[in-house]
1. Can you name the residue in segment B:17-47 that is assigned to a loop (DSSP other than H, G, I, E, B) and either surrounded by 16 or more Cβ atoms within 10 Å (Cβ to Cβ) or in contact with a Cys (Cβ under 7 Å, 6 or more places away or on another chain) (or both) and, of all such residues, is modelled with the lowest pLDDT?
2. Anything in segment B:117-154 that is among the β-branched types (Val, Ile, Thr) and over 22 Å from residue B:184 (Cα atoms)? List them, or say none.
3. Limited to segment B:177-202, what total is found for residues that are hydroxyl-bearing (Ser, Thr, Tyr) and either out of contact with any helix residue (DSSP H, G or I) (no Cβ under 9 Å at 6 or more places or on another chain) or within 14 Å of another protein chain (Cβ to nearest Cβ) (or both)?
4. With respect to residue A:43, determine if the residue is in a loop (DSSP other than H, G, I, E, B), within 14 Å of another protein chain (Cβ to nearest Cβ) and modelled with pLDDT under 90.
5. Answer with yes or no whether residue B:191 is outside any loop (DSSP other than H, G, I, E, B), basic (Lys, Arg) and more than 16 Å from ligand 3 (Cβ to nearest atom).
6. Which one is surrounded by the most Cβ atoms within 10 Å (Cβ to Cβ), of the residues in segment B:197-234 that are within 16 Å of ligand 3 (Cβ to nearest atom) and not basic (Lys, Arg)?
7. Can you tell me which residues in segment A:72-86 are facing chain B (nearest Cβ under 9 Å) and within 16 Å of residue A:30 (Cβ to Cβ)?
8. Which one of these is within 24 Å of residue B:205 (Cα to Cα) and surrounded by 14 or more Cβ atoms within 10 Å (Cβ to Cβ): B:174, B:185?
Amino acid sequence: MVTQVTALARSGLADFLIQRLSAVVLALYTLCLLSFFLVNDGVGEGIDHRQLVEFFGSASMRAFSALAVLSTAAHGWIGLWTVATDYIRPHYFGARATVIRMAFQVGCGLLLFIYVWWGMRLFWMLPG
Amino acid sequence: MQVSVYRYDPDVDEAPEMRDMSLELPEGKDLMVLDLLERLKEQDPSLSYRRSCREGVCGSDGINMNGLNGLACITPVSQVAKRGKLALRPLPGLPVVRDLVVDMSQFFDQFEKVRPYLINDQPPPAQERLQSPEERAELDGLYECILCGCCSTACPSFWWNPDKFVGPAGLLQAYRFLADSRDTAGAERLRDLEDPFSVFRCRGIMNCVNVCPKGLNPTQAIGKIRGLLVRQGT
Ligand code: SF4
Ligand code: SF4
Ligand code: FES
């Protein structure tokens, strides 16, 4: 059994399932946004601020957006962790590989955290 | 015919190099790559490689031929040579002992990890443990592996994490025992594989399937292990 603290759930199975589930959420969210923009901007007149607020301000859309932001963070973390443990290795980076990988992961984590924090503020503070 | 061979003798050479050798091939006859190696060795007795059975059974002569892993003894020269040229290298990713001979320790360490033997906590019957023909059929496509290492050394995930990712050969064997009706350690076996590396580093690249000289399908076995893990975990 190989354990690695920086994986998201410390279980390969959980990470695997989260990765797939979050991908489905993101795919559905993309479709949802796409159809909103296509339907409302069908004739190329553009979408105004009121329409946007109405759309993103509904309770269900706020919950969906929050879920999408969380999915992005989880998906991104697992994916980038995998890439980092594949490629940031002593083979290419020498003895400091682990330090460089940790720095990279801290950077990713920070970025994703800001993203979640900002996303939550954005979607929950919109006037309903 | 131009053959370019990876040569490295750590006692003499500072660094590995590809050395060109040429060879007259007999007219109207397709040699196996191993025959070619034997002839090259007559020219230069210092050339080193592993071989034993010369019929695709022992798994000792896995090498990389024009970029593709396979067994030299059952690979016709015509199948791998391109425009009369052939480059022979050791299996990629493993430490080279000398010329085409690699150190397979990492490969066998991973094999050992999956406990490739029957575990049964029931008292042994007077004679053998029986299986129905259907139960026996579950092992087809799994038990035939000869541990040549062609698959694992073609797998990028194994190149990057040979100490943590079990690799296609080991996982094919892990499934061979998970699928065996006489084995009672299934739950334990799955628990040992559930971490983020052992199984889940497989990215489904399918290089393993592409090169297996026995025509086996490690990717499918890995998929089945994942299925079992999902069922056990949920
Ligand atoms: S699965 Fe195929 S390629 Fe891999 S070790 Fe077994 S026989 Fe060789
Ligand atoms: S399918 Fe999986 S085990 Fe096979 S080569 Fe690809 S990553 Fe490796
Ligand atoms: S020499 Fe035995 S498999 Fe090729």
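1. Going residue by residue through segment B:17-47, those that are assigned to a loop (DSSP other than H, G, I, E, B) are B:23-31, B:44-47.
Then keep just the ones that are either surrounded by 16 or more Cβ atoms within 10 Å (Cβ to Cβ) or in contact with a Cys (Cβ under 7 Å, 6 or more places away or on another chain) (or both); that gives B:25, B:31, B:47.
Details: B:25: 88, B:31: 94, B:47: 97.
Once the filter is applied, the top-ranked residue is B:25.
2. First, the residues of segment B:117-154 that are among the β-branched types (Val, Ile, Thr): B:119, B:146, B:153.
Residues satisfying the conditions are B:146, B:153.
3. Of the residues in segment B:177-202, the ones hydroxyl-bearing (Ser, Thr, Tyr) are B:181, B:184, B:198.
Adding the requirement that they be either out of contact with any helix residue (DSSP H, G or I) (no Cβ under 9 Å at 6 or more places or on another chain) or within 14 Å of another protein chain (Cβ to nearest Cβ) (or both) leaves B:184, B:198.
Adding up the residues that qualify gives 2.
4. Details: in a loop (DSSP other than H, G, I, E, B): yes; within 14 Å of another protein chain (Cβ to nearest Cβ): no; modelled with pLDDT under 90: yes.
Criteria not met by residue A:43.
5. Values: outside any loop (DSSP other than H, G, I, E, B): yes; basic (Lys, Arg): yes; more than 16 Å from ligand 3 (Cβ to nearest atom): yes.
Yes.
6. Residues of segment B:197-234 that are within 16 Å of ligand 3 (Cβ to nearest atom), as a first pass: B:211-216.
Okay, now just the ones that are also not basic (Lys, Arg), so B:211-213, B:215-216.
Working: B:211: 21, B:212: 23, B:213: 20, B:215: 8, B:216: 21.
Among residues in segment B:197-234 that are within 16 Å of ligand 3 (Cβ to nearest atom) and not basic (Lys, Arg), the one surrounded by the most Cβ atoms within 10 Å (Cβ to Cβ) is B:212.
7. none
8. Details: B:185 fails: within 24 Å of residue B:205 (Cα to Cα).
Just one listed residue meets the conditions, B:174.
The values are calculated or read from the model by the stated rules, or taken from the named source; none is laboratory data. None of the values given here were measured: they were computed from a predicted structure. Cβ sites come from the backbone with ideal geometry, for glycine too, and all protein chains shown count toward neighbours.
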